[in-house]
Amino acid sequence: MTDKSLMKGRFAKAAGTYSDNASVQRETAEKMCSLLSGLFRCRRFGKILEIGCGTGILSRLLMSEFKPDILYLNDICEEYGNMLDDMTENGATFLPGDAETIGLPSGMNMIASCSVFQWFDDLPAFVVKAADSLSSGGIFAFSAFGGMNLREISELTGNRLHYHSLAEFEEMLGGRFAVLRSEEVVRTLHFSSAVSVLKHLKATGVTGIKREFWTRRDLENFEARYREKFMTGEGLLTLTYHPIIIIAEKII
């Protein structure tokens with residue numbers, strides 16, 4: 001089970017630094033929006049719900065591309081509502097709360113989410129909930145991270161989320177959705193030191209897995225082991241991301 005309180009606090013603290021540091025999440029949001037635009041160039045989406053909107057990276061893309069009449073923006077961190085004034089002033093509505101437990105609006109033409117579902121405790125149950133929120137033929141478009149994600153951190157610390165594979169995502173959707181497009185990619189970032197990796201993760205809020213205190217010796221050992229296992233020939237340290245994108249249409 002995800003410690004939602006810890007996760008929420010870490011993302012809240014990263015509110016001011018997330019957008020500038022979440023390069024892979026931004027690229028993934030842009031790619032997903034591009035795929036949606038290509039698939040539905042002439043289709044109207046009057047009511048859109050975004051799950052886990054964060055600082056609004058995907059939100060602004062959706063509003064610009066599809067110009068919905070109603071755009072609901074959900075996030076577990078109430079603090080992010082203060083960063084979406086440009087959206088709410090143009091008609092978007094912020095819905096704070098854990099999407100797994102709060103009620104979702106009905107009759108949505110699209111539910112979208114980017115880089116969020118790896119934090120959910122019961123994703124198959126949420127798929128059913130999303131289907132109930134969507135109108136007939138509604139689109140469920142999302143990205144999440146797969147099993148290779150942050151493999152360096154999980155190998156060195158033993159801390160990792162439960163990541164689903166592309167096949168597992170597609171299996172969850174079966175029966176209620178038809179998958180229109182799916183793809184995955186492994187993206188590697190490079191850093192000068194292990195401390196720089198940790199600062200990057202802190203700036204994006206993704207350290208909300210486990211409560212722990214690191215001493216100077218802990219950091220020195222982490223740096224040494226990171227360099228031993230994950231240093232390139234150029235002396236840089238790798239950090240792996242594994243985004244998965246799926247676009248599906250409700251059939252039931």
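Name every residue in segment 166-195 that is without any contact (Cβ under 8 Å) to a residue 40 or more places away in the chain and either of a type outside the set (Asp, Glu) or in contact with an Asp or Glu (Cβ under 6 Å, 6 or more places away or on another chain) (or both), in order of residue number. Quick ask: steps written out before the conclusion?
We begin by selecting, within segment 166-195, every residue without any contact (Cβ under 8 Å) to a residue 40 or more places away in the chain; these are 167-168, 171, 174, 195.
Answer for segment 166-195, where residues must be without any contact (Cβ under 8 Å) to a residue 40 or more places away in the chain and either of a type outside the set (Asp, Glu) or in contact with an Asp or Glu (Cβ under 6 Å, 6 or more places away or on another chain) (or both): Ala167, Gly174, Val195.
Just to be sure I understand, how many residues within segment 1-17 are charged (D, E, K, R), within 11 Å of Phe120 (Cα to Cα) and touching a helix residue (DSSP H, G or I) at 6+ places or on another chain (Cβ under 9 Å)? Break it down stepwise before answering.
First pass over segment 1-17, keeping only residues charged (D, E, K, R): 3-4, 8, 10, 13.
This time we only want the ones that are within 11 Å of Phe120 (Cα to Cα), so: 3-4.
Now narrow it down to the ones that are touching a helix residue (DSSP H, G or I) at 6+ places or on another chain (Cβ under 9 Å): 4.
Qualifying residue count for the region: 1.
How many residues does segment 76-133 hold that are touching a Gly at 6+ places or on another chain (Cβ under 9 Å), polar (S, T, N, Q) and at negative phi?
Of the residues in that region, 5 qualify.
Somewhere in segment 173-191, is a residue within 16 Å of Val24 (Cα to Cα) and among the hydroxyl-bearing types (Ser, Thr, Tyr)? Working first, answer last.
Looking only at segment 173-191, we keep the residues that are within 16 Å of Val24 (Cα to Cα), and these are 183-191.
Now restrict to residues that are among the hydroxyl-bearing types (Ser, Thr, Tyr): 188.
Within segment 173-191, one or more residues are within 16 Å of Val24 (Cα to Cα) and among the hydroxyl-bearing types (Ser, Thr, Tyr).
Exactly one condition in (1) touching a Leu at 6+ places or on another chain (Cβ under 9 Å); (2) touching a residue at least 60 places away in the same chain (Cβ under 8 Å); (3) polar (S, T, N, Q) is not met by Ser106; state its number.
(2)
Restricted to segment 189-232, and to residues that are aromatic (Phe, Trp, Tyr) and surrounded by 16 or more Cβ atoms within 10 Å (Cβ to Cβ), which residue is farthest from Gly38 (Cα to Cα)? Outline the logic, then answer.
Step one: list which residues in segment 189-232 are aromatic (Phe, Trp, Tyr), which gives 191, 213-214, 222, 226, 230.
Going one step further and asking which of them are surrounded by 16 or more Cβ atoms within 10 Å (Cβ to Cβ), we end up with 191, 222, 226, 230.
Working: Phe191: 34, Phe222: 44, Tyr226: 41, Phe230: 38 Å.
It comes out as Phe222.
Mind listing whichever residues of segment 37-55 are under 27 Å from Thr204 (Cβ atoms) and in contact with a strand residue (DSSP E or B) (Cβ under 7 Å, 6 or more places away or on another chain)?
Let us first name the residues in segment 37-55 that are under 27 Å from Thr204 (Cβ atoms), namely 37, 48-55.
Scanning segment 37-55 gives Ile48, Leu49, Glu50, Ile51, Gly52, Cys53, Gly54.
Scan segment 136-164 and report the pairs whose first residue is closer than 29 Å to Leu219 by Cα and whose second residue is acidic (Asp, Glu), with Cβ atoms within less than 8 Å and a gap of 6+ or a chain change.
Partner pairs satisfying both residue conditions: Gly146/Glu184.
Consider only pairs whose beta carbons are under 7 Å apart and that are at least six residues apart or on different chains; among these, list those whose first residue lies in segment 111-133 and is closer than 13 Å to Phe177 by Cβ and whose second residue is β-branched (Val, Ile, Thr) and buried (at least 22 other Cβ atoms within 10 Å of the Cβ).
Ile111/Ile51; Ala130/Ile111; Ser133/Ile111
Inside segment 17-32, can you point out the residues that are of a type outside the set (Asp, Glu) and either under 23 Å from Phe140 (Cα atoms) or touching a residue at least 40 places away in the same chain (Cβ under 8 Å) (or both)? Can you show your working first?
To start, the set of residues in segment 17-32 that are of a type outside the set (Asp, Glu) comprises 17-19, 21-26, 28-29, 31-32.
Passing the criteria: Thr17, Tyr18, Asn21, Ala22, Ser23, Val24, Gln25, Arg26, Thr28, Ala29, Lys31, Met32.
Looking at Leu71 and the list (1) more than 17 Å from the chain's Cα centre (by Cα); (2) modelled with pLDDT under 95, which single condition is not satisfied?
Evaluating Leu71 over (1) more than 17 Å from the chain's Cα centre (by Cα); (2) modelled with pLDDT under 95 leaves (2) as the failure.
Conditions first: (1) in contact with a Phe, Trp or Tyr (Cβ under 8 Å, 6 or more places away or on another chain); (2) surrounded by 14 or more Cβ atoms within 10 Å (Cβ to Cβ); (3) under 30 Å from Ala131 (Cα atoms). Val186 passes all but one, so which condition is the exception?
(2) is the only condition that Val186 fails.
Considering only residues that are among the polar types (S, T, N, Q) and not in a loop (DSSP other than H, G, I, E, B), look in segment 103-121 and name the one that is surrounded by the fewest Cβ atoms within 10 Å (Cβ to Cβ). Write out each step before concluding.
Narrowing segment 103-121 to residues among the polar types (S, T, N, Q): 106, 109, 113, 115, 118.
From the residues that got through so far, the ones that are not in a loop (DSSP other than H, G, I, E, B) too are 109, 113, 118.
Numbers: Asn109: 22, Ser113: 24, Gln118: 20.
Here the answer is Gln118.
Enumerate the helices (runs of 4 or more DSSP H) found wholly within segment 141-245, keeping only those where 1 or more residues are within 30 Å of Leu61 (Cβ to Cβ).
151-157, 166-173, 194-204
The values are calculated or read from the model by the stated rules, or taken from the named source; none is laboratory data. Everything numeric in this text was worked out from a predicted model, so none of it was measured. All Cβ positions, even for glycine, are placed from backbone atoms using ideal geometry, and neighbour counts span all protein chains on display.
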